[in-house]
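The values are calculated or read from the model by the stated rules, or taken from the named source; none is laboratory data. Keep in mind the model is a prediction, meaning the values are calculated, not measured. No Cβ is skipped: glycine too gets one built from the backbone with ideal geometry, and neighbour counts run over all protein chains shown.
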Amino acid sequence: MLRKEFLESTDHIALWSLDLRGSDYARHRWIFIGARETTLMFKHILVALDGSDCSHKALDMAVRLAKEQGARCTVCTVVDVVRAATSMTFATGDIVNEWIATLNEDARQVERDAIAKYADSGVAIETKVLEGYPSSALLDVSKNAGADLIVMGSHGRTGLKRLWLGSVAESVVQEATIPILIVR
């Protein structure tokens, strides 16, 4: 009888219900073969983080995947300066610049708080805070950094603290040339 620890381990591949008539294995329901060497799919994972629950779940998924794949992560937060400036139509340039600086610092704090959780994960994590239209900035970073996967939440923050404009996930999915993992 097979032990529970063996059945739960990932050091083997199980082939179930093989029909091996005439062999010694015909009476057994399972055959176990040593795991094959697999090629790792991802080396650099870009994670979009805006502080929302979905983006934190996406970061968690990306770190777990990076650990499994031996990949590194770049966590990217984008401050939409056009939206920030537009929301302050009657403000002076100095006030708008202060507001954008505050949004940038908030974005850095979101990243610091989020990645502190993964300090002991064994995954190399780099952070970037960018200004611009979120989907364009994420696509530019993925291309320039050589990312081979983008991981992001299905929807971001709302209200005054919003760092993303519209359906960023949808825009990235439509324009990206690399795989995307959307996390709910």
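The listed residues are Glu111, Glu105, and the only one of them that is of a type in the set (Asp, Glu) and either in a loop (DSSP other than H, G, I, E, B) or within 16 Å of the chain's Cα centre (by Cα) (or both) turns out to be Glu111. Pairing residues of region 101-130 that are more than 21 Å from Val141 (Cα to Cα) with residues that are surrounded by fewer than 18 Cβ atoms within 10 Å (Cβ to Cβ), at Cβ distances under 9 Å and at least 6 apart in sequence or on separate chains, gives Lys117/Asp60; Tyr118/Asp60; Ser121/Arg64; Ser121/Lys67; Gly122/Lys67.
State yes or no: is Arg64 among the charged types (D, E, K, R), in the same structural domain as Lys143 (by TED's automatic domain parsing), under 20 Å from Leu149 (Cα atoms) and under 18 Å from the mean Cα position of the chain (by Cα)? Taking the combined requirement at face value, the residue satisfies it. Screening Gly93, Gly70 for residues that are closer than 21 Å to Ile182 by Cα, of a type in the set (Gly, Ala, Ser), out of contact with any helix residue (DSSP H, G or I) (no Cβ under 6 Å at 6 or more places or on another chain) and without any contact (Cβ under 8 Å) to a residue 60 or more places away in the chain leaves exactly one candidate, Gly70. The residue that is surrounded by the fewest Cβ atoms within 10 Å (Cβ to Cβ), counting only those in region 139-166 that are over 17 Å from Ala66 (Cβ atoms) and modelled with pLDDT of 65 or more, is Asn144. Note on region 107-128: residues that are out of contact with any Ser or Thr (no Cβ under 9 Å at 6 or more places or on another chain) and surrounded by fewer than 16 Cβ atoms within 10 Å (Cβ to Cβ) amount to 9.
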